[in-house]
1. Charges only on Cβ, +1 for Lys and Arg, -1 for Asp and Glu: so what's the dipole of the range 259-339 about the Cα centre, in debye to the nearest 20?
2. Taking the Cβ of SER123 as the centre, find all other residues whose Cβ is under 12 Å away and add up their charges (Lys, Arg: +1; Asp, Glu: -1).
3. With unit charges on the beta carbon (Lys/Arg positive, Asp/Glu negative), name the residue among GLY116, CYS59, ALA257 whose Cα is farthest towards the positive pole of the charge dipole of the chain.
4. Can you give the three extents of the C-alpha atoms in the chain along their principal axes, from longest to shortest, in whole Å?
5. Going from the alpha-carbon gyration tensor of the range 30-148, what semi-axes, largest first and in whole Å, does one get by taking the root of 5 times each eigenvalue?
6. Heavy atoms of the protein only, probe of 1.4 Å, neighbouring chains included. What is the accessible area of THR263 in Å², nearest 10?
7. Once amide H atoms are placed 1.01 Å from N in the peptide plane, what residues at a sequence separation of 5 or more from VAL232, or on another chain, have their amide H within under 5 Å of its amide H?
8. With each run of n ≥ 4 DSSP H residues scored as -39500 (n - 2.57), what mean residue ellipticity at 222 nm is computed for the chain after dividing by its residue count and rounding to the nearest 500 deg cm²/dmol?
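The values are calculated or read from the model by the stated rules, or taken from the named source; none is laboratory data. No experiment lies behind these values; they were computed from the predicted model shown. Here Cβ is always computed from backbone atoms with ideal geometry, including for glycine, and neighbour counts include all displayed protein chains. Note: areas computed on protein heavy atoms with side chains; ligands, DNA, RNA excluded. Shrake-Rupley method; radii C 1.70, N 1.55, O 1.52, S 1.80 Å.
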Amino acid sequence: MKILVTGGAGYIGSHTVVELAQAGYEPIIIDNFSNSKESVLGGLRAILGRDVPCHRIDCGDAEALRGVLKQEDNVQGVIHFAAFKAVGESVAEPLKYFQNNVGSLLTLLEVLPEFGIESLVFSSSCTVYGVPDALPVTEATPTKPASSPYGRTKQMCEDIVHDLAAAPGNKLYTILLRYFNPIGAHESAKIGELPLGTPNNLVPFITQTAVGIREKLTIFGNDYDTVDGTNVRDYIHVVDLAQAHIAAVQRLLDRKATDTVETFNVGTGHGNSVLEVVQTFEQASGQKLNYVIGPRRPGDVPAIYADATKAAEVLGFKTSTSLFDSLASSWKWQLTLGK
Ligand code: UFG
């Protein structure tokens with residue numbers, strides 16, 4: 001069964017391609033490599049022992065997308081990762097985010113029915129919850145204003161999917177996966193996160209500091225109303241997260257979805273503070289980390305973590321990797337990359 005994976009050379013995309021292939025699907029990648037490297041394809045080959053078809057196109061290019069779907073006859077479903085994801089950059093360049101993140105989804109939604117494709121898994125984010133009133137957040141927790149244009153694009157994309165599903169004649173079934181914070185790398189250390197330039201996200205910043213690329217980590221604030229004053233997040237191993245996509249695709253293809261749009265949190269159900277992540281990294285890597293406490297980062301929510309019950313009950317999805325093992329895999333990947 002062919003599954004088109006947009007952004008399949010990216011961080012979560014590449015790990016999902018591996019899980020798809022190992023579950024017996026035939027993943028087809030499209031990627032414009034704007035935030036990923038061709039070397040990822042070599043990593044996939046090393047893990048899977050064969051090439052994964054990859055088309056270098058922009059997902060927002062309808063004609064190019066049609067060309068791929070014609071060539072790759074009989075694609076059954078799509079997992080749509082292709083998007084920009086840097087919160088800070090989205091504040092500086094909002095138009096770029098709306099054009100790319102919303103535009104690529106619109107193109108997909110226009111083209112998929114032409115090829116009879118009725119199954120879509122969409123990468124959403126816990127940023128759609130904004131600053132929640134209560135924790136943990138369930139899928140029924142009301143969304144609040146997003147703290148960044150990036151988050152707003154995810155809210156808009158969710159709304160677009162819902163509006164389309166309600167339109168007469170709609171045949172598309174979509175599962176919206178709201179990711180919490182993906183970390184870690186494939187156990188083979190053949191693929192992992194490849195941030196271009198200075199990392200925005202915590203864990204690549206930590207590993208780059210530990211390996212000597214960065215001088216020190218700045219922890220963005222320790223005066224929040226949390227266990228130790230630093231932000232709390234739900235860190236999920238990227239391979240666990242990838243496996244949620246397999247469960248979602250399977251559910252769609254088996255026609256088991258009970259609604260045209262279903263939404264799932266994909267997290268561990270546990271929150272960890274930034275300091276806890278740092279301490280656990282030190283234990284997992286045996287490295288002492290140089291860090292300082294700095295001012296709060298604009299746009300950060302104090303704390304968020306998932307209620308993961310619905311994904312467990314409906315998708316049969318449970319995470320299996322501890323924070324320690326996730327961080328150990330990030331460190332192994334960083335050592336493979338070196339300086
Ligand atoms: N942090 C630091 N120092 C750093 C980087 C991060 O203290 O140098 C802290 C942040 O303040 C935050 C935590 O580490 O408390 C995690 O920050 P990340 O930037 O790694 O991730 P976010 O929680 O900001 O995640 C958001 C969205 C995700 C989205 C991600 C994309 O919640 O949905 O940004 O970058 F995928």
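1. Value, rounded to 20: 460 debye.
2. Counting the neighbours of SER123, the net charge comes to +2.
3. Checking the options against the dipole of the chain, the answer is CYS59.
4. Answer, in whole Å and largest first: 55, 45, 38 Å.
5. 29, 18, 16
6. THR263 has an accessible surface of roughly 20 Å² with all protein chains in place.
7. Answer set, sorted by chain and number: ALA303, ILE304.
8. It lands at -11000 deg cm²/dmol.
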